[in-house]
Amino acid sequence: MSWGAAVLLAMLPAEVLRAAHGDEAVGINSHLSPDDTYAAIATTGMPWVRIDVNWKEIEPQQGVFNWHGVDAVLASTERRGLLVFATFGYTPSWASAGDDDGKEGNDPPRPGLYEAALTAAVRNYAGRIRHWGLWNEANLDDFWRGTAQQYVDLIIVPGAAAVKTACPSCFVLGPELAHQGGKVNVYLDTVLGQAGDLFDIITTHTYHDFPEMAPLAGITSDSFFNSMDTGRPFVNQMGIREALAKHHLEHKEVWLTETGYSAEPATDPEQMALQERYIELVLAAQKERDWWTNTFFYEAEDCGVWLPSCTAGYGLLHRTTMPPDNSYANNFVFKPALAAITDFINANPEFRGPPPVTYHVAAGARGVLVDGDLREFDGLPKIALGPQDYQQLAAACAGAADLSGDMRVLWTPAALYLGVQVTDDVHVNGSPDATLWEGDSLQLGFDADHDRTVAGYDTDGDYELNVALTGSSRLVAQTKPQGHGAVGARAVIVRGGSLTRYEIEIPAADLVPATLAVGRELGFSWIVNDNDGAGREGFEQWTAGIGAGKNPRLFGVIVLDPPGAGTDSGPIAADGAAARDGADPGATSGDSRSAADAAPMNGDADRPPKDEEAFAGGGCACRLSAAGSGASGCLSLMVGTLWLALRQSRRRRAGHDGSGLAMPRRR
C-alpha cells in the first residue's frame, strides 16, 4: 500500500470503508445520450445507467466548467427514476503532463488537477450522483498513457479522497480495467495491492465469449468465466475474483460495468439472436454469484448511427430516426436482447435494484400535545441523519461536522405527528418565504398517493412542507396543489444551545387523497438545511428527491403500523439516500434508522413535567389557515408545490465510447 493510500485510509471513518453487498441490479452504458434513449431504457425495467463525465469536456479551460451535457442527461434520467453511475476521466490538453501520441484525453495529468476537477463535479451533482468511477480502462494505451503506479498516485488515491471529502456518503468505484491486453495483471496487482481498500465497489470490464457460444473459449482463449472467476492455467491474466482473493479483498462487492456482444451487421436477425443469448448467459452468471451484484451492458445505442465509420453493433437499440424527435417508440429498432433483459427482471424482481428506504410509523393511542416537548416520541424508532447523509453545496463550510438530526413519527386516524431534533451549532434563517430553504430549516416531501411520479411534483398528492424558526412573527400559508383546501398543519419549534426541536402535526386532510389507516404507505422524505451565516452550505437527507431536484420516485416510504406492532422500522435500502441514487447499492446510510432508540428526544432525562417547563431559547405555536392570519411567535411554515425546471439542452458525445477517441469496442 502506498503512503498516500495509507494516510487516506486512516482519515476515513470505518463506515465509509465498509461496502456492504448491495441488492442485485442491472443497467446499461449510455454515455451522454438524447432524451429519447433514456425513455426507451426506462421501459425495460433496468434501474441503472452508466454515463461519462469527461473531464476534458466539462473543464475545457482550467477553472471554467461546462455542465450542460451532463445536466441534460440527468434531467432525462431523473424524469424516469433511473439511477446513475458516473465515470470521471480523460485529461484535457491544458492539464496534460505530456502528450506522446497526439491524442487528447489519455495523458497523465499534472499533480493536483484531477482531484480538483473531480471535487467540483461531485459537489455540483451532490444528491444526484453518488457513485463515481475513477477513470476508464487505464490498462489500455488508448485511454491512459501512464503507468500503473501513476494511475494509483495521480488518479486513485487523490480521486478517492476528493469524492469522500466532497460527499462522505458517495461511493468510490474502480479500477474499471479491461480484461484484455498484456498489462492486466500488472494493473490488478499494483492497484489492488496499494489502494484496493479505497474502493467501495470493485468494477471490471470483460467482453470474452462463453463456452456455450464459442466451444474453444477457456481453452485457446480466455472465456467469460476466466475473466470473472479464475484465469486459465499457465496464462498470465487473472480473473477479477482471483485477484481480489490474492489481495485479501474478496469481501468487496463487484460490478461488471462493461460487457456485451457486437451484432455485425447490427440488425442482422442471426446476429441479434446471438447478442440476446450472450445477454442471457451474463445475467444467469450474475445470479449464481452473490459477490457480483450489478451488470452494465455495453451499450444503449449502436455507435454507427452517430459515427458512420464505426461498424460495431453492441447497442441494444438501433436508431432509425435522426435527429431524435422524442417519440422513442418510433425512433429505434428494439433488439431482442432488450426483451430478454425485461423478461429476466420480471422473473427475478430482485434485479430491479434496491427497494425504497422504509420507516414503520407507530400508532398512537391519542393525539400528541404539540408544544415542542418531544417526550411522547421517546422509545420510538428514529430516522437518524448524520455526516454520511450530508450533501455539501458550498466550497468552504463546516459541513456535516456541526449538523445532525433525527425524526420519530406517530400516527392516528386524524393526523401524523413528527418529532424532530436537530443539533447545529449556529442557527440562521432570515430568508423570505419563497426561499425559506436557504436558511436552517426542514423540508418535508410527501407523495401522499404513493404513485412515485417523477420530474417534479404532480398535482394530485405531492407537496412539500417547509418549516423554519425565524426572527419574525409572520406566518405564510399556501394551498396544496390543485385546490386541496386550507392547510391545517401546525408546529412548535424551540431552540436552546445548539439543539432545535420541531414538533409538527399534519392533519389527515392535508394528505389527501390518502387516508390514514393501518397498512397505508406514503411516499416521504425529509432534509435538514444548513446555513451558518454565509448562505446555504448543504443539507442532510433521508433520501434523494428534495434538495437537489424534486423527484418523488426517489422518496422513501413510511408505513402506518397497527397498534402494538412493535418498534421495528423495517428494511433500509442498501444505498440509503440514493436507493432510487442511487442508490440511490453500497453501504446503508445510517444503521440507526432500523433500530429502536429509547433515549429521550429532549436530551435530558431529568427535565420537569411539561407544565413546569421553561426551555431557554423560547418557542412558538401556530395553526395554518388559508388566509395565513392569526400568526404569532417566530415560526414560518410554508406549504407549496415546487416544480423541477428541466433544462432541455442537448449535447452529443464526441465519440461512441464517451472518450472522444471514437474507438470501436472489443469482443
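Each reported figure results from applying straightforward, stated rules to the coordinates on display, with no laboratory input. The model shown is predicted, which means the values in this text are computed figures rather than measured ones. Note: ideal-geometry Cβ built from the backbone for every residue, glycine included; neighbour counts use all protein chains shown.
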request  = Enumerate the amide H contacts of Asp209 below 5 Å, restricted to partners 5 or more residues apart or on another chain; note that Pro and chain-start residues carry no placed amide H.
outcome  = Phe224
request  = With a point put 7 Å past each Cα toward its Cβ, work out how far Gln150 is from Leu274 in nm, to one decimal.
outcome  = 3.7 nm
remark   = Convex hull around the C-alpha positions of region 270-327: the volume in Å³ per residue is 110 Å³
ask   = Amide H of Asp532: which non-local residues (sequence gap of 5 or more, or other chain) have their own amide H closer than 5 Å, using H built in the peptide plane?
value = Glu537
message = Given the options Ile219, Ala195, Ala117, identify the residue whose Cα lies farthest towards the positive end of the charge dipole of region 114-265 (+1 on Cβ of Lys, Arg; -1 on Cβ of Asp, Glu).
response = Ala117
Integer Hz, Karplus 6.51/-1.76/1.60 couplings in order for region 85-95, x for Gly and Pro = 10, 10, 9, 10, x, 6, 6, x, 4, 5, 9
ask   = Which value, in debye to the nearest 20, describes the size of the charge dipole of region 19-89 about its Cα centre when Lys and Arg Cβ atoms bear +1, Asp and Glu Cβ atoms bear -1, and nothing else is charged?
value = 20 debye
Computed lengthening from Ile219 to Ser93, 0.36 nm per intervening residue step minus Cα-Cα distance = 41.1 nm
task = Might you report the magnitude of the Cβ-based charge dipole of region 228-334 about its Cα centre, with Lys and Arg at +1 and Asp and Glu at -1, to the nearest 20 debye?
result = 340 debye
request  = Using label points projected 7 Å from each Cα along Cα→Cβ, tell me how many nm separate Ala116 and Val333, to one decimal.
outcome  = 4.8 nm
remark   = Largest-first semi-axes in Å of the equivalent ellipsoid built from the Cα gyration tensor of region 147-291 are 29, 18, 14
query = Assuming R0 = 56 Å, what is the FRET efficiency of Asp141 and Asp460, from their Cβ-Cβ distance, to the nearest 0.05?
reply = 0.50
query = Considering amide H positions built from the backbone, and no H for Pro or chain starts, which residues 5 or more places from Ser441, or on another chain, come under 5 Å of its amide H?
reply = Asn529
note = Hits in region 122-164: amide N under 20 Å from the 7 Å Cα→Cβ extension of Asp100, namely 136-156
message = Bins of 5 Å, beginning at zero and ending with the bin holding the largest distance: percent of Cα pairs per bin for region 209-349, please.
response = 2, 9, 16, 19, 18, 15, 10, 7, 3, 1, 0
query = Given the Cα-Cα distance of Leu369 and Glu212 and 0.36 nm per residue of separation, how much length would full extension add, in nm?
reply = 49.7 nm
